[in-house]
Structure formats: C-alpha cells, structure tokens
Amino acid sequence: MSPSDKRKLIGDLVKEAGFDKCGCAPATRIERAAQLARWLAAGRAGTMAYMHRHVEQRVDASKLLPGARSVIVCALLYNQPEPDPEGEVAARGRVAMYAWGNDYHRVVKRKLFDVVDRLRVLVGERFESKVCVDTAPLLEREYAMAAGIGWIGRNTLVLDQHLGSYFFLGEIITTLEVAVDEPALDHCGTCRRCLDACPTSAFPAAYEMDASRCISYLTIENRSEHLPQGLRPDMGE
C-alpha cells in the first residue's frame with residue numbers, strides 16, 4: 001500500500017471513529033523548538049515543573065517512538081449548547097465546556113486505539129504505534145499545525161476556519177510511512193480581539209501565553225491553596 005493509499009485509509013478510519021478532522025505530519029523535530037526553550041526560561045510555565053522535563057521528546061515525536069515516521073493528528077469537537085439553568089441561582093461557578101462530559105482523555109484514547117486496531121487489520125504491513133492525548137510529553141499543537149488541522153493563533157490555540165477552536169487533539173505516532181498534509185496557514189492577520197478580551201492579561205505578546213496568569217492554569221494546574229490576590233477580581237465566576 002502506497003503512502004497516499006495509507007493516508008486515504010487513515011482518513012476513512014478516523015472519520016468512522018467519530019473524529020471531525022484528521023491530518024498527517026512527519027515525525028520530525030518541530031521547527032519552533034527554540035521558542036519552547038525561551039518560553040520555559042522566561043518562567044511562563046509557572047509552577048508546571050513537568051514542562052521542564054522530557055523537553056527533547058516534546059519537540060521531536062521520534063524520541064517518543066523510535067523509528068517513527070508519521071504523526072496522525074485527530075480533532076474531536078466538544079462544542080455544545082449551553083445547558084438549561086436549574087432554577088434561579090444568585091451566584092454560580094462556571095465550568096469549562098470541555099469538562100461537561102466524560103473524561104476526554106479516555107474518550108479520545110478509545111477512539112484512537114480503535115483506529116490503530118482497524119489499521120493493523122487493513123494496512124497489510126507490520127508497524128509500531130503510540131497513542132497520545134494531552135498528557136504525553138508532545139507539543140501536539142505544533143504537530144496539529146504541521147498536519148494542517150489548524151494554525152496556532154495569537155491566543156496560542158489551534159484555530160480552524162470551520163471548526164473554530166473548541167476541539168480536543170489526539171495523536172497516533174507511528175512507524176508507518178504516510179503521505180503528509182500541507183501545514184496550516186496563519187489567518188489571524190492583524191486581528192487581536194482574543195488578546196484584548198483576556199480578563200487576566202495572560203498574553204505578554206501575540207502568540208505567547210504567560211500560563212501563570214491564565215484562568216485555566218489558576219483553576220487546574222496551580223497547586224497553591226490560594227489564588228493570587230491581584231488576579232481574583234479578573235477571574236469572574
């Protein structure tokens with residue numbers, strides 16, 4: 001089976017598994033590895049000490065799976081309607097939309113393993129693979145951009161002109177040689193609405209996030225018993 005035939009087969013299997021978009025990138029070192037080093041050195045990771053570990057694996061998929069040739073990147077939408085309010089509530093804490101259902105790590109991994117299992121039956125050659133969803137030391141947004149899923153916007157999220165940004169990412173690193181897709185192009189232009197809208201001013205510059213000021217970091221990754229006093233008024237509900 002040719003690399004192009006394998007790419008088509010993978011696209012079909014990913015769609016049948018329920019993913020909304022798929023792309024393939026070479027399992028090579030990312031071009032912006034130096035940017036991660038600068039970001040870490042500037043302390044932008046806050047207390048996330050694990051971001052300083054396994055740096056070479058984060059920027060090079062072949063370090064996670066020896067002999068890897070391709071990274072299959074899949075996107076799964078989690079955008080959904082707002083739930084109906086249950087009675088009148090004077091004050092209500094908000095929960096991010098991505099957490100309104102079952103643990104996405106399990107959901108996405110199950111779908112990816114299903115794709116791998118079916119691929120082993122249909123592709124006609126032996127291969128090794130590694131499934132990654134969020135917790136693996138891999139800069140998945142960089143590979144998503146390289147695979148054409150979307151571009152990394154000024155707010156550091158992967159953006160697609162049709163899907164938006166409300167989607168999970170999952171990857172299959174594999175020793176299969178698969179035809180790769182064209183990298184996504186940046187469509188942000190001069191727009192800076194996302195930067196101006198951030199309530200805690202977590203963007204010191206376009207395309208750079210200071211995680212220690214991000215509400216997601218403050219409510220998930222921050223292990224302190226107290227939230228920073230100066231950021232509390234800006235965090236809303």
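The values are calculated or read from the model by the stated rules, or taken from the named source; none is laboratory data. Predicted model, so just to flag it, every value in this text is computed and none were measured. All Cβ positions, glycine included, derive from the backbone under ideal geometry; neighbour counts span all protein chains shown. Ligands, DNA and RNA are stripped out before the accessible areas are found, and what is left, the full protein with its side chains, is counted by its heavy atoms. Shrake-Rupley method; radii C 1.70, N 1.55, O 1.52, S 1.80 Å.
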Query - Fully extended contour minus Cα-Cα distance, from Arg192 to Ser2, at 0.36 nm per residue - result: 64.1 nm
Query raised in the report: Could you give me the ³J(HN,Hα) list for segment 97-102, computed from phi with Karplus coefficients 6.51, -1.76, 1.60 and θ = phi - 60°, whole Hz, x at Gly and Pro?
Result: 4, 5, 9, 7, x, 5
Report task. Based on a Kirkwood Rh over C-alpha pairs, give the Stokes-Einstein translational diffusion coefficient of segment 94-237 at 37 °C and viscosity 0.692 mPa s in µm²/s. Result -> 185 µm²/s
Report summary line: With all protein chains present, the chain has a carbon and sulfur share of its accessible area (1.4 Å probe) in percent of 50 percent
Query raised in the report: Which loop trypsin sites (Lys or Arg not before Pro) in segment 100-198, with loop taken from DSSP, have no more than 13 other Cβ atoms within 10 angstrom of their Cβ?
Result: Arg126, Arg192
Query raised in the report: Top mean-square fluctuation among His187, His162, His54, Gaussian network model of the chain, C-alpha springs under 10 Å?
Result: His162
Report summary line: Of segment 207-227, those with amide N under 17 Å from the point 7 Å along the Cα→Cβ vector of Ala49 are 221-225
Query raised in the report: Quick one: Cα centre-to-centre distance for segment 3-40 and segment 139-204, in angstrom?
Result: 12 Å
Query - For segment 19-120, alpha-carbon Rg relative to the globular expectation (2.2 N^0.38 Å, N residues) - result: 1.48
Query raised in the report: For the chain, what is the calculated [θ] at 222 nm in deg cm²/dmol (nearest 500), taking -39500 (n - 2.57) for each run of four or more DSSP H residues and dividing by its residue count?
Result: -7500 deg cm²/dmol
Query raised in the report: Say each of Ala34 and Thr135 gets a label point 7 Å from the Cα, pointing the same way as Cα to Cβ; how far apart are those two points in nm?
Result: 3.5 nm
Report summary line: Across Ala144, Ala75, Ala33, the residue with the highest GNM fluctuation in the chain (Cα network, 10 Å cutoff) is Ala33
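Just in segment 10-87: which GluC sites (Glu not before Pro) are loop by DSSP and have at most 12 other Cβ atoms within 10 Å? Spell out each step's value before the answer.
Details: sites: Glu16, Glu31, Glu56, Glu86; in loops: Glu31, Glu86.
Taking segment 10-87 and a limit of 12 other Cβ atoms within 10 Å, the loop GluC sites (Glu not before Pro) found are Glu31, Glu86.
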Query raised in the report: Karplus couplings for segment 142-155 from phi (6.51 cos²θ - 1.76 cosθ + 1.60, θ = phi - 60°), rounded to Hz, Gly and Pro as x?
Result: 5, 6, 5, 5, 5, 8, x, 5, x, 9, 7, x, 4, 8
Report summary line: Scalar couplings 3J(HN,Hα) for segment 215-221 by Karplus 6.51 cos²θ - 1.76 cosθ + 1.60 (θ = phi - 60°), nearest whole Hz, x for Gly and Pro, are 4, 4, 5, 5, 9, 10, 7
Requested in this report: Count neighbours as other Cβ atoms within 10 Å of each site's Cβ, and list the GluC sites (Glu not before Pro) in segment 189-227 that are DSSP loop with at most 12 such neighbours.
Outcome: Glu225
